[in-house]
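Report on the structure given below.
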Amino acid sequence: MWIRLASVMLILIGWLAGPVPIPQAKVDLAPALAWLRSQQGPDGGFSNGFSEGSDPGTTADTVVAVASAGEDPSTWTIEGTSPLDYLSTYASEVDSPGLAAKLALAAVAAGKNPRDFGGVNLIDAVLAGYDSGTGFFGGGPYDSALCILALRAADEPLPEGAIAWLVGARLPEGSYSFSGDMTPGGGDSNTTALVFQALLAAGAGLEVGPSLTYFRQTQNADGGWTYQKPSAFGEDTDANSTALVVQALLAGGQDLSAWGHPLQALEALQQDSGAFAFNAATPGDNLLATIQAVPALAGVDLTDVPKLTDRLANGGGPTTSLLLGTLILIVALLAAGMLFGRSRPRQG
């Protein structure tokens, strides 16, 4: 009987189910968001902290972070100009597939059309960067992962061979290097976490197991991660690496409590201002670290980007998908009860 009941429930859930709901933030993100907003430039964009003026890649990442926290990026304005306005103005100057992918992810996260953003088809710009000879977009696995995530967020088919080439760039210990360099020890946590999410978004979840092993082997005692391990440049837990790996684990459906609660390592880097430090050895407000930390703390990974508009529509509250999931369960139980009630043999 229970086998039949389970079968009925699975059929009904498969028929009715919508996207998996995005978990809600378990920490107060308001201080981090307030600090981020204070860093916005007069053109609506955000600097990368290394050069003057706004940077499109950093601004795109900020848009995704803001949407992940349940706020509408279009309402983040300076003299009437939002980060989306800045990005749409810059879109015609995009000169690399990786950057086009970042802008496309930002557009999708904010509920905009990536095929007509600032008059530019960002999806075409991403596809134009695919090299069928190497199987990579742009400069290697890092750019390729961004591009695959952007294409899947826009529901665009992937070029033939893109996934096979990406899987083939995996190093023996389960990591990926930024450029595709296959030298042992050349892999890093950031590229690996990004590729991990891209493979899941592309439906290649069976290929991520070795990277989970790599994450286990390189995790620090405090639960966090550094960029590369072993490394001659230090192995302290940093906010960017920890947040990216947390996003990968979330995308893979991992229970973070089984990973030593890595969010605690991330939260420990938050400063009094609300911003995050890069690592404990370099305290102080760090823009890029803060941008990266927000989505991870909000429980959002990059495979969730297409669902962020649902979160915006609900003001950061329970998503439509969550309500639908509850309804599905009720319908399934009622239907199963009716089915077994009718099929039960009469007594006497």
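Amide hydrogen proximity for Phe117: with H placed 1.01 Å from N in the peptide plane, the residues at 5 or more positions away or on another chain lying under 5 Å are Leu122. Working note: Karplus 6.51/-1.76/1.60 with θ = phi - 60° gives the range 109-126 the couplings 4, 8, x, 9, 8, x, 8, 8, 10, x, x, 10, 8, 5, 5, 4, 5, 5 Hz, where Gly and Pro are set to x. Per-residue Karplus couplings for the range 279-290, computed as 6.51 cos²θ - 1.76 cosθ + 1.60 with θ equal to phi - 60°, are listed in order as 8, 5, 6, 10, x, x, 5, 10, 5, 5, 5, 5 Hz, Gly and Pro entered as x. Note on Trp225, Trp76: ascending count of other Cβ atoms within 10 Å places them as Trp76, Trp225, the fewest first. Charge tally around Val66: other residues with Cβ under 12 Å, Lys/Arg +1 each, Asp/Glu -1 each, net -1. Sorting 156-163, 103-110 by their mean Cβ neighbour count within 10 Å, with the most densely packed peptide first, gives 103-110, 156-163. Each principal axis of the Cα cloud of the range 101-171 was evaluated for its coordinate range; sorted largest first, these ranges are 36, 19, 19 Å.
Place the peptides 204-216, 243-255, 134-146 in order of packing, highest mean first, counting for every residue the other Cβ atoms within 10 Å and averaging per peptide. It would help to have the intermediate numbers written out before the result.
Working: 204-216: 16.8, 243-255: 21.3, 134-146: 23.9.
Top to bottom by mean Cβ count within 10 Å: 134-146, 243-255, 204-216.
Peptides 121-130, 59-68 ordered by packing proxy, namely the average of other Cβ atoms within 10 Å per residue, highest first: 59-68, 121-130. Put simply, the amide H of Phe137, placed in the peptide plane, has neighbours under 5 Å in Asp131, Ser144, leaving out anything fewer than 5 places away on its chain. Restricted to Cα atoms, the range 219-294 shows a radius of gyration and a Dmax of 11.8, 33 angstrom.
Across the range 92-104, computed HN-Hα scalar couplings (Karplus, 6.51 cos²θ - 1.76 cosθ + 1.60, θ = phi - 60°) run 5, 9, 4, 10, 8, x, x, 5, 4, 5, 4, 5, 5 Hz from first to last residue, x flagging Gly and Pro.
None of the figures in this text is laboratory data; all of them are computed from the coordinates on show. Computed from a predicted structure; not experimentally measured. Every residue, glycine among them, receives a Cβ derived from its backbone with ideal geometry; neighbour counts consider all protein chains shown.
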